[in-house]
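Nothing in this text is a laboratory measurement; each read-out follows from the coordinates by a stated rule. All of these numbers come straight from a predicted model, not from anything done at the bench. Note: ideal-geometry Cβ built from the backbone for every residue, glycine included; neighbour counts use all protein chains shown.
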Amino acid sequence: MLRNLLAHPDQLAAVRADRSLVPMAFAETLCYTPPVQMIMRQPAADVIVSGGTVPAGATVTCLIGAANRDESHYARPDAFDIFRTDLTPANAFSAAADHVAFALGWHLCVGALLAEAEVETGVNQLLGARGGAGAG
């Protein structure tokens, strides 16, 4: 997240000025540069996808990084933008997330909320005092 913010100084300045943007910056980072690029799954039953069949027990590689750049879901998916309106930080760390960085539904990473707390705490520590004169 910090690397993305450093590469976008205007957005870093906004986060320094308004720490309530930290969750959105983290959610945007999970979409833009997810910590895991792919996961493997094995369906318990045959699954029909795009007119083809994935047989039960076959290994399927799901490309998370590509899913998070879906143009039909996100406006300007290849841009890092903590002000986007098509990503919801309120549910970014739950099974109802707009991205798939922590997987979804039953497969949601059990550490998603811990990651959110750790990143928010760490970023606020790194950036110094919250808001106002002398912040960051």
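A count restricted to the stretch 21-43 and to residues that are without any contact (Cβ under 8 Å) to a residue 24 or more places away in the chain and either in contact with a Leu (Cβ under 8 Å, 6 or more places away or on another chain) or hydrophobic (A, V, I, L, M, F, W, C) (or both) stands at 1.
Take the residues in the stretch 97-127 that are of a type in the set (A, V, I, L, M) and touching a Leu at 6+ places or on another chain (Cβ under 8 Å), then tell me which one is farthest from LEU21 (Cα to Cα). Before you say what the answer is, go through the steps one by one.
Looking only at the stretch 97-127, we keep the residues that are of a type in the set (A, V, I, L, M), and these are 97, 100-101, 103-104, 108, 110, 112-115, 117, 119, 123, 126-127.
Still in the running and touching a Leu at 6+ places or on another chain (Cβ under 8 Å): 97, 101, 123, 126.
Values: ALA97: 17, ALA101: 19, VAL123: 11, LEU126: 15 Å.
So, considering only residues that are of a type in the set (A, V, I, L, M) and touching a Leu at 6+ places or on another chain (Cβ under 8 Å), the one farthest from LEU21 (Cα to Cα) is ALA101.
I'm told ASN68 meets every condition in (1) surrounded by 12 or more Cβ atoms within 10 Å (Cβ to Cβ); (2) over 22 Å from ALA115 (Cα atoms) except one. Can you identify the failing condition by its number? Against the list (1) surrounded by 12 or more Cβ atoms within 10 Å (Cβ to Cβ); (2) over 22 Å from ALA115 (Cα atoms), ASN68 comes up short only on (2). Among the residues making up the stretch 1-59, those that are within 11 Å of the chain's Cα centre (by Cα) and buried (at least 17 other Cβ atoms within 10 Å of the Cβ) are MET1, PRO23, MET24, ALA25, PHE26, ALA27, GLU28, THR29, LEU30, CYS31, TYR32, PRO34. Considering the stretch 1-57, and only residues there that are assigned to a loop (DSSP other than H, G, I, E, B), in contact with a helix residue (DSSP H, G or I) (Cβ under 7 Å, 6 or more places away or on another chain) and of a type in the set (S, T, N, Q), the residue that is farthest from GLY128 (Cα to Cα) turns out to be GLN37.
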